[in-house]
Amino acid sequence: MKGFRCSARHGYAVEVSPFLPNRLACATAQYYGIAGCGTLFVLEQRETDVQLLRSFDWNDGLFDVTWSESNEHVLVTGGGDGSLQIWDTANPKGPIQVLKEHTQEVYSVDWSQTRGENLVVSGSWDHTAKVWDPERFQSVCTLQGHEGVLYSTIWSPHISSCFASASGDGTLRVWDVKSGSCRMAIPAHKTEILSCDWCKYDQNILVTGSVDCSLCVWDLRTVRQPVAQMLSHTYAIRRVKFSPFYKTVLASCSYDFTVRFWDYSRSPMLLDAMEHHSEFVCGLDFNLHIPNQVVDCSWDETIKIYTPPCFAALQEVAS
(Lines give C-alpha, C1' and ligand atoms only; values in the text may rest on other atoms or scores of the structure.)
Protein backbone atom coordinates (compact mmCIF):
# COMPACT_ATOMS: atom_id res chain seq x y z
CA MET A 1 0.00 0.00 0.00
CA LYS A 2 1.34 3.41 -1.02
CA GLY A 3 0.31 6.64 0.67
CA PHE A 4 0.60 10.42 0.68
CA ARG A 5 0.02 12.78 3.60
CA CYS A 6 -1.67 16.11 2.87
CA SER A 7 -0.84 17.90 6.13
CA ALA A 8 -3.64 19.95 7.73
CA ARG A 9 -5.95 19.11 4.81
CA HIS A 10 -8.87 16.71 5.05
CA GLY A 11 -9.60 14.62 1.95
CA TYR A 12 -13.02 14.87 0.31
CA ALA A 13 -12.57 13.36 -3.16
CA VAL A 14 -9.91 11.60 -5.22
CA GLU A 15 -9.86 10.70 -8.91
CA VAL A 16 -7.37 8.94 -11.17
CA SER A 17 -6.55 10.59 -14.51
CA PRO A 18 -8.36 9.08 -17.52
CA PHE A 19 -5.17 9.64 -19.56
CA LEU A 20 -2.19 8.91 -17.30
CA PRO A 21 -2.20 5.68 -15.27
CA ASN A 22 -0.06 7.01 -12.41
CA ARG A 23 -1.61 10.46 -12.02
CA LEU A 24 -4.34 11.31 -9.53
CA ALA A 25 -5.93 14.37 -7.99
CA CYS A 26 -7.36 14.94 -4.51
CA ALA A 27 -9.73 17.71 -3.40
CA THR A 28 -9.27 18.70 0.24
CA ALA A 29 -10.46 21.21 2.83
CA GLN A 30 -9.04 22.75 5.97
CA TYR A 31 -10.77 22.18 9.32
CA TYR A 32 -12.89 19.29 7.99
CA GLY A 33 -14.54 21.64 5.46
CA ILE A 34 -16.29 23.68 8.15
CA ALA A 35 -14.01 26.72 7.75
CA GLY A 36 -10.77 27.79 6.08
CA CYS A 37 -9.47 27.17 2.58
CA GLY A 38 -9.04 24.18 0.28
CA THR A 39 -6.20 22.60 -1.66
CA LEU A 40 -6.16 20.54 -4.85
CA PHE A 41 -3.27 18.06 -4.85
CA VAL A 42 -2.04 16.62 -8.15
CA LEU A 43 0.02 13.49 -7.44
CA GLU A 44 2.12 10.95 -9.31
CA GLN A 45 2.45 7.40 -8.01
CA ARG A 46 5.83 5.79 -8.50
CA GLU A 47 6.97 2.24 -7.84
CA THR A 48 7.42 2.68 -4.09
CA ASP A 49 5.87 6.04 -3.20
CA VAL A 50 3.58 8.90 -4.19
CA GLN A 51 5.04 12.24 -5.24
CA LEU A 52 3.47 15.71 -5.22
CA LEU A 53 3.47 17.20 -8.73
CA ARG A 54 1.54 20.37 -7.98
CA SER A 55 -0.84 21.85 -5.43
CA PHE A 56 -3.40 24.61 -5.94
CA ASP A 57 -4.98 26.59 -3.10
CA TRP A 58 -8.51 27.99 -3.09
CA ASN A 59 -10.11 30.38 -0.61
CA ASP A 60 -12.77 27.86 0.44
CA GLY A 61 -12.98 24.11 0.96
CA LEU A 62 -12.84 21.88 -2.13
CA PHE A 63 -15.39 19.06 -2.00
CA ASP A 64 -15.06 17.23 -5.32
CA VAL A 65 -12.74 16.90 -8.32
CA THR A 66 -13.08 15.58 -11.88
CA TRP A 67 -10.52 15.29 -14.68
CA SER A 68 -11.23 16.59 -18.16
CA GLU A 69 -12.05 13.85 -20.65
CA SER A 70 -10.53 15.91 -23.49
CA ASN A 71 -7.34 17.44 -22.06
CA GLU A 72 -4.95 15.54 -19.78
CA HIS A 73 -3.86 18.74 -17.97
CA VAL A 74 -7.29 20.10 -17.04
CA LEU A 75 -9.37 19.46 -13.89
CA VAL A 76 -12.51 20.90 -12.31
CA THR A 77 -13.20 21.24 -8.59
CA GLY A 78 -16.31 22.21 -6.63
CA GLY A 79 -16.00 24.65 -3.75
CA GLY A 80 -17.67 25.72 -0.55
CA ASP A 81 -18.21 29.23 -1.98
CA GLY A 82 -20.61 27.91 -4.62
CA SER A 83 -18.11 28.08 -7.47
CA LEU A 84 -16.49 25.61 -9.87
CA GLN A 85 -12.78 26.13 -10.52
CA ILE A 86 -11.09 24.99 -13.74
CA TRP A 87 -7.38 24.24 -13.27
CA ASP A 88 -4.55 23.52 -15.70
CA THR A 89 -1.64 21.50 -14.28
CA ALA A 90 0.62 23.24 -16.80
CA ASN A 91 -0.41 26.63 -15.36
CA PRO A 92 0.72 26.91 -11.71
CA LYS A 93 -0.74 30.38 -11.06
CA GLY A 94 -4.30 29.41 -10.13
CA PRO A 95 -7.61 28.57 -11.79
CA ILE A 96 -7.86 29.39 -15.50
CA GLN A 97 -11.59 29.95 -15.00
CA VAL A 98 -14.09 30.27 -12.14
CA LEU A 99 -17.77 29.51 -12.73
CA LYS A 100 -20.00 31.07 -10.09
CA GLU A 101 -23.75 30.59 -10.26
CA HIS A 102 -24.65 28.23 -7.41
CA THR A 103 -25.72 30.02 -4.24
CA GLN A 104 -24.40 27.38 -1.82
CA GLU A 105 -21.65 24.76 -1.61
CA VAL A 106 -20.85 22.75 -4.75
CA TYR A 107 -20.54 19.18 -3.46
CA SER A 108 -20.27 17.27 -6.74
CA VAL A 109 -18.64 17.77 -10.16
CA ASP A 110 -18.36 15.29 -13.03
CA TRP A 111 -17.02 15.56 -16.59
CA SER A 112 -19.05 13.75 -19.24
CA GLN A 113 -17.45 10.58 -20.64
CA THR A 114 -19.68 10.44 -23.73
CA ARG A 115 -17.76 10.88 -26.97
CA GLY A 116 -18.10 14.32 -28.54
CA GLU A 117 -19.82 15.78 -25.47
CA ASN A 118 -17.69 18.26 -23.54
CA LEU A 119 -19.90 18.98 -20.52
CA VAL A 120 -19.51 19.22 -16.75
CA VAL A 121 -22.37 18.67 -14.29
CA SER A 122 -22.37 20.13 -10.78
CA GLY A 123 -24.59 19.41 -7.79
CA SER A 124 -25.07 21.92 -4.98
CA TRP A 125 -26.51 22.44 -1.55
CA ASP A 126 -28.81 25.02 -3.23
CA HIS A 127 -30.91 21.99 -4.39
CA THR A 128 -29.97 22.44 -8.08
CA ALA A 129 -27.80 20.71 -10.65
CA LYS A 130 -26.14 22.80 -13.35
CA VAL A 131 -24.64 21.68 -16.65
CA TRP A 132 -21.65 23.64 -17.97
CA ASP A 133 -19.73 23.91 -21.21
CA PRO A 134 -16.18 24.57 -19.91
CA GLU A 135 -15.47 26.71 -23.00
CA ARG A 136 -18.22 29.15 -21.97
CA PHE A 137 -18.47 31.31 -18.86
CA GLN A 138 -22.03 30.38 -17.94
CA SER A 139 -24.11 27.27 -17.38
CA VAL A 140 -25.93 25.61 -20.26
CA CYS A 141 -28.92 24.77 -18.06
CA THR A 142 -30.11 24.52 -14.45
CA LEU A 143 -32.15 21.50 -13.35
CA GLN A 144 -34.52 21.78 -10.42
CA GLY A 145 -36.70 19.19 -8.72
CA HIS A 146 -34.82 17.90 -5.68
CA GLU A 147 -36.18 19.03 -2.34
CA GLY A 148 -32.86 18.60 -0.56
CA VAL A 149 -29.12 19.07 -0.89
CA LEU A 150 -27.49 17.44 -3.96
CA TYR A 151 -24.56 15.30 -2.86
CA SER A 152 -23.80 13.42 -6.08
CA THR A 153 -24.20 14.12 -9.82
CA ILE A 154 -22.81 11.49 -12.21
CA TRP A 155 -22.99 11.33 -16.01
CA SER A 156 -24.17 8.11 -17.62
CA PRO A 157 -21.21 6.42 -19.34
CA HIS A 158 -23.66 5.00 -21.90
CA ILE A 159 -26.30 7.62 -22.79
CA SER A 160 -25.40 11.11 -23.99
CA SER A 161 -26.85 14.13 -22.12
CA CYS A 162 -28.03 11.91 -19.27
CA PHE A 163 -26.92 12.08 -15.64
CA ALA A 164 -28.08 10.78 -12.25
CA SER A 165 -28.27 12.71 -8.99
CA ALA A 166 -28.51 11.67 -5.35
CA SER A 167 -29.95 13.97 -2.73
CA GLY A 168 -30.69 14.61 0.90
CA ASP A 169 -34.37 14.24 -0.01
CA GLY A 170 -33.86 10.44 -0.27
CA THR A 171 -34.41 10.27 -4.04
CA LEU A 172 -32.27 9.12 -6.94
CA ARG A 173 -33.13 11.08 -10.07
CA VAL A 174 -32.24 10.58 -13.74
CA TRP A 175 -32.09 13.71 -15.91
CA ASP A 176 -32.20 14.43 -19.64
CA VAL A 177 -30.19 17.57 -20.38
CA LYS A 178 -31.56 17.97 -23.94
CA SER A 179 -35.13 18.35 -22.68
CA GLY A 180 -34.02 19.90 -19.37
CA SER A 181 -36.26 17.52 -17.44
CA CYS A 182 -36.21 14.80 -14.82
CA ARG A 183 -36.90 11.46 -16.51
CA MET A 184 -37.24 9.42 -13.34
CA ALA A 185 -37.39 9.99 -9.56
CA ILE A 186 -36.84 6.92 -7.39
CA PRO A 187 -37.54 7.08 -3.63
CA ALA A 188 -34.43 5.00 -3.05
CA HIS A 189 -33.87 5.47 0.71
CA LYS A 190 -35.77 6.89 3.67
CA THR A 191 -32.68 8.89 4.64
CA GLU A 192 -30.19 11.13 2.82
CA ILE A 193 -28.38 9.61 -0.19
CA LEU A 194 -24.76 10.77 -0.27
CA SER A 195 -23.59 9.03 -3.45
CA CYS A 196 -24.62 7.25 -6.64
CA ASP A 197 -22.82 5.65 -9.58
CA TRP A 198 -23.62 3.97 -12.89
CA CYS A 199 -22.68 0.41 -13.80
CA LYS A 200 -20.04 0.48 -16.54
CA TYR A 201 -21.55 -2.56 -18.32
CA ASP A 202 -25.32 -1.96 -18.19
CA GLN A 203 -27.00 1.37 -18.93
CA ASN A 204 -29.97 0.52 -16.67
CA ILE A 205 -28.06 -0.27 -13.47
CA LEU A 206 -27.12 2.26 -10.75
CA VAL A 207 -26.05 2.03 -7.12
CA THR A 208 -26.88 4.37 -4.24
CA GLY A 209 -25.17 4.76 -0.86
CA SER A 210 -27.02 6.30 2.05
CA VAL A 211 -26.93 7.59 5.61
CA ASP A 212 -28.96 4.46 6.49
CA CYS A 213 -25.67 2.47 6.05
CA SER A 214 -27.00 0.56 3.04
CA LEU A 215 -26.05 0.32 -0.63
CA CYS A 216 -28.89 -0.37 -3.04
CA VAL A 217 -28.50 -1.51 -6.66
CA TRP A 218 -31.31 -0.29 -8.94
CA ASP A 219 -32.51 -1.45 -12.36
CA LEU A 220 -34.21 1.52 -14.05
CA ARG A 221 -36.62 -0.85 -15.81
CA THR A 222 -38.08 -2.08 -12.48
CA VAL A 223 -37.64 0.44 -9.69
CA ARG A 224 -40.23 -0.73 -7.16
CA GLN A 225 -37.50 -2.41 -5.16
CA PRO A 226 -33.71 -2.68 -5.45
CA VAL A 227 -32.06 -5.54 -7.30
CA ALA A 228 -29.76 -5.93 -4.30
CA GLN A 229 -29.23 -4.34 -0.90
CA MET A 230 -25.86 -4.50 0.83
CA LEU A 231 -25.58 -4.10 4.60
CA SER A 232 -22.36 -4.11 6.62
CA HIS A 233 -21.26 -0.51 7.12
CA THR A 234 -21.96 0.88 10.58
CA TYR A 235 -22.16 4.58 9.66
CA ALA A 236 -23.21 6.64 6.63
CA ILE A 237 -21.86 5.62 3.22
CA ARG A 238 -20.06 8.61 1.73
CA ARG A 239 -19.16 7.35 -1.77
CA VAL A 240 -19.93 4.39 -4.03
CA LYS A 241 -18.13 3.30 -7.22
CA PHE A 242 -18.74 0.51 -9.70
CA SER A 243 -15.68 -1.42 -10.83
CA PRO A 244 -14.60 -0.77 -14.42
CA PHE A 245 -13.46 -4.42 -14.66
CA TYR A 246 -16.32 -6.51 -13.23
CA LYS A 247 -20.00 -5.98 -13.99
CA THR A 248 -21.37 -6.69 -10.50
CA VAL A 249 -18.43 -5.55 -8.34
CA LEU A 250 -18.42 -2.23 -6.53
CA ALA A 251 -16.72 -0.34 -3.72
CA SER A 252 -18.01 1.89 -0.94
CA CYS A 253 -16.36 4.11 1.66
CA SER A 254 -17.91 5.31 4.85
CA TYR A 255 -17.88 7.43 7.97
CA ASP A 256 -17.16 4.13 9.79
CA PHE A 257 -13.49 4.60 8.62
CA THR A 258 -13.68 1.59 6.23
CA VAL A 259 -13.67 0.86 2.50
CA ARG A 260 -15.71 -2.19 1.53
CA PHE A 261 -15.83 -4.24 -1.67
CA TRP A 262 -18.91 -6.09 -2.87
CA ASP A 263 -20.15 -8.44 -5.57
CA TYR A 264 -23.94 -8.32 -5.59
CA SER A 265 -24.14 -11.46 -7.77
CA ARG A 266 -22.62 -13.55 -4.95
CA SER A 267 -23.61 -14.75 -1.52
CA PRO A 268 -22.36 -13.34 0.74
CA MET A 269 -22.09 -10.09 -1.20
CA LEU A 270 -19.34 -8.57 0.96
CA LEU A 271 -15.91 -9.46 -0.47
CA ASP A 272 -13.62 -7.44 1.78
CA ALA A 273 -13.46 -4.65 4.36
CA MET A 274 -10.32 -2.48 4.49
CA GLU A 275 -9.57 -0.61 7.70
CA HIS A 276 -6.54 1.55 7.01
CA HIS A 277 -7.88 4.98 8.01
CA SER A 278 -8.46 6.63 11.39
CA GLU A 279 -11.16 9.09 10.25
CA PHE A 280 -14.09 9.40 7.82
CA VAL A 281 -13.24 7.98 4.36
CA CYS A 282 -14.77 10.37 1.81
CA GLY A 283 -13.06 9.82 -1.54
CA LEU A 284 -12.78 6.65 -3.61
CA ASP A 285 -11.89 5.69 -7.18
CA PHE A 286 -10.80 2.75 -9.32
CA ASN A 287 -7.77 3.12 -11.58
CA LEU A 288 -8.98 2.55 -15.17
CA HIS A 289 -5.47 1.70 -16.36
CA ILE A 290 -4.17 -0.60 -13.61
CA PRO A 291 -6.67 -3.43 -13.05
CA ASN A 292 -8.01 -3.69 -9.50
CA GLN A 293 -6.02 -0.73 -8.16
CA VAL A 294 -8.03 1.51 -5.82
CA VAL A 295 -7.33 4.99 -4.46
CA ASP A 296 -9.06 6.59 -1.49
CA CYS A 297 -8.76 9.64 0.76
CA SER A 298 -9.81 10.41 4.30
CA TRP A 299 -10.22 13.13 6.89
CA ASP A 300 -7.11 11.62 8.54
CA GLU A 301 -5.08 13.68 6.01
CA THR A 302 -3.95 10.65 3.97
CA ILE A 303 -4.44 9.30 0.45
CA LYS A 304 -3.94 5.53 -0.04
CA ILE A 305 -3.26 3.51 -3.21
CA TYR A 306 -3.64 -0.28 -3.05
CA THR A 307 -5.04 -3.48 -4.55
CA PRO A 308 -7.62 -5.13 -2.25
CA PRO A 309 -6.73 -8.78 -1.53
CA CYS A 310 -10.20 -9.94 -2.63
CA PHE A 311 -9.51 -8.84 -6.20
CA ALA A 312 -6.63 -11.30 -6.58
CA ALA A 313 -9.15 -14.10 -5.94
CA LEU A 314 -11.59 -12.58 -8.44
CA GLN A 315 -8.85 -12.46 -11.06
CA GLU A 316 -8.08 -16.16 -10.52
CA VAL A 317 -11.76 -17.04 -10.98
CA ALA A 318 -11.97 -14.88 -14.14
CA SER A 319 -8.88 -16.50 -15.66
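Assorted remarks:
- For the chain, a simple Cβ point-charge model (Lys and Arg +1, Asp and Glu -1, everything else neutral) yields a dipole of about 480 debye relative to the Cα centre.
- Other-chain or far-sequence residues with amide H under 5 Å of Val149's (modelled H): Gly168, Asp169
- For Lys304, the lysines whose Cα comes closer than 25 Å to its Cα, not counting residues fewer than 8 places off in the same chain, are Lys2, Lys200, Lys241, Lys247.
- Phi to ³J(HN,Hα) by Karplus 6.51 cos²θ - 1.76 cosθ + 1.60 over segment 269-286, Hz, x for Gly, Pro: 6, 6, 8, 6, 10, 9, 10, 10, 10, 10, 8, 3, 9, 10, x, 7, 7, 9
- Placing a pseudo-label 7 Å from each Cα along the Cα-to-Cβ vector at Val98 and Thr142 gives an inter-label distance of 1.9 nm.
- Whole-Hz Karplus values for segment 107-114 come out as 9, 8, 9, 8, 9, 4, 9, 6 Hz, taken residue by residue from phi with 6.51 cos²θ - 1.76 cosθ + 1.60 and θ = phi - 60°; glycine and proline positions read x.
- 3J(HN,Hα) couplings calculated from phi for segment 67-82 with the Karplus curve 6.51 cos²θ - 1.76 cosθ + 1.60 (θ = phi - 60°) are, in sequence order, 7, 4, 8, 10, 9, 5, 9, 9, 9, 10, 10, x, x, x, 8, x Hz; Gly and Pro show x.
- Remark on Ala228: its backbone amide H falls under 5 Å from those of Val217, a criterion applied only to residues 5 or more positions apart or on other chains, H modelled at 1.01 Å from N.
- Look at (1) -0.21, -0.83, -0.97, -1.11; (2) -0.17, -0.73, -0.87, -1.04; (3) -0.33, -0.98, -1.10, -1.23: the one that is log10 I(q)/I(0) by the Debye sum over Cα atoms at q = 0.06, 0.12, 0.13, 0.14 Å⁻¹ derived from this structure is (2).
- Highest to lowest packing among 39-46, 204-211, scored as the average C-beta count within 10 Å: 204-211, 39-46
- Surface analysis of the chain yields an accessible area of 40 Å² per residue, using protein heavy atoms and a 1.4 Å probe.
- Accessible carbon and sulfur surface of segment 2-318 relative to its total accessible area, %, 1.4 Å: 48 percent
- The amide H of Asp197, built 1.01 Å from its N in the peptide plane, has Val207 as neighbours under 5 Å, considering only residues 5 or more places off or on other chains.
- Protection proxy ranking of 93-100, 1-8 - average other beta-carbon atoms within 10 Å, highest first: 93-100, 1-8
The values are calculated or read from the model by the stated rules, or taken from the named source; none is laboratory data. Predicted model, so just to flag it, every value in this text is computed and none were measured. Every residue, glycine as well, gets a Cβ built from its backbone with ideal geometry; the counts of neighbours run over all protein chains shown. Areas reflect the complete protein model, heavy atoms only, side chains present, ligands, DNA and RNA absent. Shrake-Rupley method; radii C 1.70, N 1.55, O 1.52, S 1.80 Å.
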